[in-house]
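The values are calculated or read from the model by the stated rules, or taken from the named source; none is laboratory data. Here the structure is a predicted model, which is why all the values come from computation and not from measurement. All Cβ positions, glycine included, derive from the backbone under ideal geometry; neighbour counts span all protein chains shown.
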Ligand code: ARG
């Protein structure tokens, strides 16, 4: 009996060619799995294409809710941004895809998993490490790492094998998209000096005028958003709605050069209006309700978590511990954040919470001031002793 292989199928040229190529080169039965994470592709068409190309079975899995609850939310609670900027949409989706593939391999009794990543990117690392962490016995095949086909040869191979795919429509950009963000690379973006053309933007295509602005309010409960402008929304709807509103102002564009795990730098453009707004709002709410020590310690591990998500280290003991820490920190992160949206920018302009530890009477400079100034001098005297002593010994610059 032929061995079975689970293919992470996107419907595009690469993974479609891979169906045939895998059958030819490994003599396997290919089962295509299409995972819906909110990307705009027509999954029903892709499903048909998989079967037409020779997959023995195809599945469409709606994993959007699981994506939000178990991947996006932990990442949001950690205010996760790689190198302080990238909101990690592509990266955070990979462990979930790996998990679904491994589950399917078990269900279908398949001994192999294949994915369409190239040898240059981060995604191959995230898939491979994720899959091996969940099931070390599975053989992983990444056709594009193995076959030595140029793009032209790939198209030729497709034509020879009667694979119908509209390659002329294929854009010069490489795009990865899910509900947390849209990642764009290639084309003129490969020159870090070259300004992105307006045409690459889809989520943040501007339909507002330069003078337009509006306020939105987001309610959070224990670290996650629950309503928009006072209206309770399902997590998916809330994210999509913020993407739409903020995107129309051109908000959520990130243009950066980043350090890939495999040692090279790449220039990437991201569109992530909701992710940007939710992370900033969440962070500002934390500033209101968390004490200084917890907040500052959390900042330290946020960078670590972001890096680990980027590096594909999701199913690891350290990540498990860090996630628990972050989860524990979110108990009182409930309240409302007010955001002003403007042309290509946004700002948090207000925040409130029943758990606020902002004390007006201590903070104010007006007549309600209850801060007793007599304590300050003694406190500072003791706080500054180490430096006073060093200075007396002539060991400070002065
Ligand atoms: N650089 C991002 C990451 O490694 C996105 C990768 C996918 N981007 C793309 N345009 N296909 O997470």
Any residue at all in the stretch 279-299 that is crowded, with 18+ Cβ neighbours inside 10 Å and within 15 Å of the ligand (Cβ to nearest atom)?
-> no
Residues of the stretch 307-317 satisfying the condition of being within 13 Å of the ligand (Cβ to nearest atom), assigned to a helix (DSSP H, G or I) and surrounded by fewer than 20 Cβ atoms within 10 Å (Cβ to Cβ) | 307
From 128, 123, 137, which residue is at pLDDT 95 or above and surrounded by fewer than 18 Cβ atoms within 10 Å (Cβ to Cβ)?
-> 137
From the list 320, 304, 340, which one is closer than 21 Å to residue 227 by Cβ and surrounded by fewer than 16 Cβ atoms within 10 Å (Cβ to Cβ)?
-> 340
Please identify the pairs in which a residue from the stretch 109-127 that is part of a strand (DSSP E or B) has its Cβ atom under 7 Å from the Cβ atom of a residue that is near the ligand (Cβ under 9 Å from one of its atoms), counting only partners at least 6 apart or on another chain.
-> none
Applying the selection to the stretch 128-145, what residues are within 16 Å of the ligand (Cβ to nearest atom) and outside any helix (DSSP H, G or I)?
-> 142
Residues 69, 44: which one is in contact with a strand residue (DSSP E or B) (Cβ under 8 Å, 6 or more places away or on another chain) and either part of a strand (DSSP E or B) or surrounded by fewer than 19 Cβ atoms within 10 Å (Cβ to Cβ) (or both)?
-> 44
Yes or no: residue 195 more than 13 Å from the ligand (Cβ to nearest atom) and either crowded, with 16+ Cβ neighbours inside 10 Å or modelled with pLDDT of 95 or more (or both)?
-> yes
Which number in (1) within 16 Å of the ligand (Cβ to nearest atom); (2) outside any strand (DSSP E or B) marks the one condition that residue 149 misses?
-> (1)
Considering residues of the stretch 164-187 that are assigned to a loop (DSSP other than H, G, I, E, B), touching a residue at least 40 places away in the same chain (Cβ under 8 Å) and within 16 Å of the ligand (Cβ to nearest atom) only, the residue surrounded by the fewest Cβ atoms within 10 Å (Cβ to Cβ) | 170
Considering the stretch 82-100 alone, what residues qualify as being assigned to a loop (DSSP other than H, G, I, E, B) and within 12 Å of the ligand (Cβ to nearest atom)?
-> 83, 85, 87, 88
Inside the stretch 140-163, can you point out the residues that are at pLDDT below 90, farther than 21 Å from residue 49 by Cα and surrounded by 13 or more Cβ atoms within 10 Å (Cβ to Cβ)?
-> 149
